[in-house]
1. What's the total number of residues in region 48-82 that are open to solvent by less than 50 Å² (accessible area, probe 1.4 Å) and of a type in the set (D, E, K, R)?
2. When you check Thr28 against the structure, is it open to solvent by less than 50 Å² (accessible area, probe 1.4 Å), assigned to a loop (DSSP other than H, G, I, E, B) and at pLDDT below 95, yes or no?
3. Please name all residue pairs, on different chains or six or more residues apart, with Cβ atoms under 6 Å, provided the first residue is in region 24-37 and is at negative phi and the second residue is of a type outside the set (A, V, I, L, M, F, W, C) and open to solvent by less than 70 Å² (accessible area, probe 1.4 Å).
Amino acid sequence: ESSGYESENAERSAAAGGTRGRQRRARTAFTSEQVCRLEKTFQRQKYLGATERRKLAAALQLSEIQIKTWFQNRRMKLKRQI
């Protein structure tokens with residue numbers, strides 16, 4: 001039985017693999033050149049400011065969010081390695 005809330009139905013549908021609700025964005029496949037540039041930048045500085053992120057995103061033809069997420073994930077990878 002349902003309580004009648006739409007969000008409850010959407011949660012069930014999403015949990016069951018339904019197409020209702022928000023779709024996940026496809027995973028970005030970075031090119032080797034992009035990864036190389038990102039890694040070099042990461043070696044110099046672990047955190048990017050808005051200006052550096054904007055410039056790097058433009059140079060690599062990626063979104064600022066993709067750059068931000070890559071750096072967050074890379075910092076977590078470093079933390080796990082340590």
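1. Number satisfying all stated conditions: 1.
2. For Thr28, the condition - open to solvent by less than 50 Å² (accessible area, probe 1.4 Å), assigned to a loop (DSSP other than H, G, I, E, B) and at pLDDT below 95 - is met.
3. If the second residue must be of a type outside the set (A, V, I, L, M, F, W, C) and open to solvent by less than 70 Å² (accessible area, probe 1.4 Å), the pairs left are Thr28/Gln66.
The values are calculated or read from the model by the stated rules, or taken from the named source; none is laboratory data. These numbers were taken from a predicted model, which means no experiment stands behind them. In this analysis, Cβ positions are derived from the backbone assuming ideal geometry, glycine residues included, and neighbour counts consider all displayed protein chains. These accessible areas exclude ligands, DNA and RNA; they are computed on the full protein's heavy atoms, side chains included. Shrake-Rupley method; radii C 1.70, N 1.55, O 1.52, S 1.80 Å.
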